[in-house]
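Read through the structure below, which is laid out as structure tokens, and then see the notes.
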Amino acid sequence: MRAARAFAAAAVAAAIAFFADAAPQFISVKGPVPRKGPTTAVFVKKIKNRGEIVSAEWTLTSLGVFRAFANGREVGADDFLKPGYTHLQKRRSSFSYDIAPLLNRSAGAENVLSAEVSCGWWRDEIVCRVGKRSAFRGSLEITYADGTKETLATDESWKAAYAGPVRNAEIWGGERYDARIPVPWRENGADSWGNAEVNREFNGAITPLEGRSVKLRRDLELGVVSAWVWKGVEGATKNRYGRAKILRRYSAGEKIVLRKGEKLVVDFGQNCAGVPEFSAAASSGTVLHGKPAEMLNDSNGEKSRGNDGPAKSAYFANYRVPRFNMHYFFAGTGEETYHPSYTYYGGRYWSFSATDTVVFSRISFIPAMSIAKEDETGTLETGHDGLNRLISNCVWGMRSNYLSVPTDCPQRNERWGWSGDTQVFAGAAVYAADVYGFLSKWMTDMRDSQMGPSDRFPGSFRVVAPDRGGGMRGHNIGWSDAGVIVPWTLWKNYGDTSVIDVNWKAMNLFMDLIRRTKYVSAPDQRQTGDWLSLEKYEGWRRGWGSKFCENPFWPGETEDDMKRYWNFLGACYRISDLRMMRDMALATGRAGEAAAFEAEEKEAVEEFREKHLAADGRLPEIYNGMQTPSLFVLRLGLLPTQAAWKATADELKALLEKRSFALSTGFLGTPILLDTLCDELDSPQIAYSVLLQRDAPGWLYSIDQGATTIWERWNGYTKEKGFGPVAMNSFNHYAAGAVMGWMYRTMAGIRP
């Protein structure tokens, strides 16, 4: 009996040792990343079947964007830009795939596993190059016909090298691909390479992907609307670039020829995020360079209009930095088909040049997003062409910016998960698509990025999530509140209280901070405020450095009044947050906490009236002529008397009528404008007048200028004056698209 127990103990110990040895490790290429040549890491392993394979599940993740292969065939090809964007040090998403159909499953057969890992979202500039070396991690669970199982995990026995046709790839920097370089290791292994080494840079959690992965939406693929080849300019002077000399024009379906020294501009008809794809032929070594653009240079290329080149050429200035390129080196083997696999781009147009003749049989643009075709739910159509285009622009803004995280814009050197943009648009997104999983995943990013005890504002949600490693600030009015607003929005629209429970602790930490600070800005703290409004005290013009200041002082503005306004907005958000917390507490059976939040909310309202209203209960004079302050006090019911309410409502309506129903609100005021007019003021006729007026600023104005997505700025481009300031002028920035939520709630009458 003693011997049997000893044998059993030894067997258990051996099994534990086997599985301990089989625990997957992150592995990297030994040595520093080369300064020249390929920077994409490649990993290869030959495996031999112990018996006949019945099933094989491969669970994968990486530090950097990865693609994996089994016997040369791609694993999980439907998932793009894996593993996605998460907190650099706290979380990596894992993907599990059944790869048995890709394997030679007979006993004794040999298979080749491989992976390629780029810099993306790990050691590239978008995340401040926090990571040092790309790494791969995988665990293959094999079940054999005799019922036994085997775990094969990444370790130092894998072969590794910086190799392959992907010479460099970054989220901002684009992709450089040399088709002349073969990839024999995907099928044959790489016996001559050195062994990998363990990478210990990441010590956070590895969790299965939450929500939806990034997809290439072939069903939305964009073809050529028009294309033209140009070379040289005419009419150029000291003050203008002139007009591009058009050599040839092409229509959809035609073969396109691009020669050395020429530039090809392709219009895909729709601004969005994604990748170009082409089938083309050229001699070996010919380099095709491509670059996206949102707009074309106009008129006669006048520099005073903000043009950066001749009319009819692609306009690049608003991308801010000269990155976002695609370089493709032709193999010269006939027609070649390619699209970038480790990055994405944003724009409507593409500009191409080449070192030798390239003949395209096909060019397209494939939208990329974390919304699958089956996720898209609501559709809304009206009898008004302008409104239908506006709805389409809102949807395409969502498609463009819901990509792993809810980004602010898909084109320039940002593409971060700005929380203010997310919270104002979430109430619209829930109608157009099933975004519950996507936004739940982002709330995990928010919790992972939440400020801790050693930070200046412990408990605050950051303005960007995932935290990109650059110390992005928190305690920001209207931005940090997304940590409460987004769970509340998901619960109200999907009816699932689990999103409340998961985020309850984090939300309470944030509310504890607000309780201590009353959301009063510190003397040295800058706020975004009603970002990009056309009113006084707006953060873009005040205190964001000379790079971003256009006209920092308006007549009558003072620093003290600006900070007073910030504290006014903070007090409004505090009250709104308390009400949402009370509602969520009641929904999840936290009656005691609900009562505490309700009591605190009543105190906050009284404090607001004492500190932020005039003696007669109305707004103080410093807010005269402004729309946003009136909207907040009316929407939240903060005015103490009926007389004060009527006077404020009448003033707001008169102000809009005086401005011919043009709005002047920014990121915070715009989402509540039409709801307040309809729900609080019972003035739908004014709301529709604001919605339908076609002058700037207004929703239909950009459409009349040719917009196919929502713009960051109300006046980003005008036919009269040209382009707005390039320091911040995105033409695919969905915050003002929050109006789509009002359309569903009020025009269509669909409400939780």
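Structure above, values below:
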| quantity | calculated |
| --- | --- |
| Restricting region 532-578 to residues that are under 29 Å from the mean Cα position of the chain (by Cα), basic (Lys, Arg) and more than 25 Å from GLY698 (Cα to Cα), the residue that is modelled with the highest pLDDT | ARG574 |
| Checking ASN388 against (1) open to solvent by 10 Å² or more (accessible area, probe 1.4 Å); (2) closer than 20 Å to LYS82 by Cα, the condition it does not meet | (2) |
| Single condition THR422 does not satisfy, out of (1) closer than 24 Å to ARG468 by Cβ; (2) polar (S, T, N, Q); (3) surrounded by fewer than 22 Cβ atoms within 10 Å (Cβ to Cβ) | (3) |
| Test for PHE461: is it under 15 Å from the mean Cα position of the chain (by Cα), modelled with pLDDT of 95 or more and not basic (Lys, Arg) | no |
| Per-region count, region 299-323, residues surrounded by 19 or more Cβ atoms within 10 Å (Cβ to Cβ), closer than 17 Å to LYS263 by Cα and not aliphatic (A, V, I, L, M) | 6 |
| From the options LEU631, LEU613, LEU656, residue that is crowded, with 22+ Cβ neighbours inside 10 Å, modelled with pLDDT of 95 or more and more than 31 Å from the chain's Cα centre (by Cα) | LEU656 |
| Test: residue in region 317-328 that is outside any strand (DSSP E or B) and touching a Ser or Thr at 6+ places or on another chain (Cβ under 8 Å) | yes |
| In region 718-746, residue nearest to GLY309 (Cα to Cα) [restricted to those that are modelled with pLDDT of 95 or more and open to solvent by 20 Å² or more (accessible area, probe 1.4 Å)] | PHE723 |
| Checking PHE202 against (1) open to solvent by less than 40 Å² (accessible area, probe 1.4 Å); (2) part of a strand (DSSP E or B), the condition it does not meet | (2) |
| First in region 44-66 and at positive phi, second anywhere and part of a strand (DSSP E or B), Cβ under 8 Å, 6 or more apart | GLY64/ALA41; GLY64/VAL117; GLY64/ALA135 |
| Residues that are open to solvent by 10 Å² or more (accessible area, probe 1.4 Å), closer than 24 Å to GLY64 by Cβ and part of a loop (DSSP other than H, G, I, E, B), drawn from region 88-127 | GLN89, LYS90, ARG123 |
| Odd one out for VAL605, checked against (1) surrounded by fewer than 22 Cβ atoms within 10 Å (Cβ to Cβ); (2) within 34 Å of the chain's Cα centre (by Cα) | (2) |
| Residues of region 661-710 that turn out to be outside any helix (DSSP H, G or I) and either among the charged types (D, E, K, R) or farther than 21 Å from VAL395 by Cβ (or both), as a count | 16 |
| Residues within region 205-235 that are assigned to a loop (DSSP other than H, G, I, E, B), over 30 Å from GLN89 (Cβ atoms) and out of contact with any Asp or Glu (no Cβ under 6 Å at 6 or more places or on another chain), tallied | 4 |
| The lone exception for LYS260 - which of (1) assigned to a strand (DSSP E or B); (2) open to solvent by 60 Å² or more (accessible area, probe 1.4 Å); (3) under 20 Å from PRO310 (Cα atoms); (4) of a type in the set (Lys, Arg) it fails | (1) |
| Tabulated pairs, region 678-702, first over 25 Å from ALA647 (Cβ atoms), second among the aliphatic types (A, V, I, L, M) and open to solvent by 40 Å² or more (accessible area, probe 1.4 Å), C-beta under 7 angstrom, 6+ apart or interchain | PRO697/LEU534; LEU700/LEU692 |
| Members of region 643-660 found to be part of a helix (DSSP H, G or I) and touching a residue at least 12 places away in the same chain (Cβ under 8 Å), listed by number | ALA643, ALA644, ALA647, THR648, ALA649, GLU651, LEU652, LYS653, LEU655, LEU656, GLU657 |
| Selection count, region 583-592, where residues are surrounded by fewer than 18 Cβ atoms within 10 Å (Cβ to Cβ) and either under 30 Å from ALA647 (Cα atoms) or free of Cβ contacts under 8 Å to residues at least 60 places away in the same chain (or both) | 4 |
| Close pairs (8 angstrom Cβ cut-off, 6 or more residues apart or separate chains): in a strand (DSSP E or B) and buried (at least 24 other Cβ atoms within 10 Å of the Cβ) in region 394-417, at pLDDT 95 or above and of a type in the set (Val, Ile, Thr) anywhere | TYR402/ILE371; TYR402/VAL435; LEU403/VAL214; PRO406/THR422 |
| Only listed residue being charged (D, E, K, R), under 20 Å from the mean Cα position of the chain (by Cα) and modelled with pLDDT of 95 or more, chosen from GLU175, GLU116 | GLU175 |
| Any pair with Cβ under 7 angstrom, 6 or more apart, that starts in region 180-196 at a residue that is touching a residue at least 40 places away in the same chain (Cβ under 8 Å) and ends at one that is of a type in the set (S, T, N, Q) | ARG180/SER284; TRP185/SER114; ARG186/SER114; GLU187/ASN71; ASN195/SER157; ALA196/SER28 |
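The values are calculated or read from the model by the stated rules, or taken from the named source; none is laboratory data. Quick caveat: nothing in here was measured; it's all calculated off a predicted structure. Using ideal geometry, Cβ is built from the backbone for each residue, glycine included, and neighbour counts are taken over all protein chains shown. All accessible areas refer to the heavy atoms of the entire protein, side chains included, with ligands and DNA or RNA removed. Shrake-Rupley method; radii C 1.70, N 1.55, O 1.52, S 1.80 Å.
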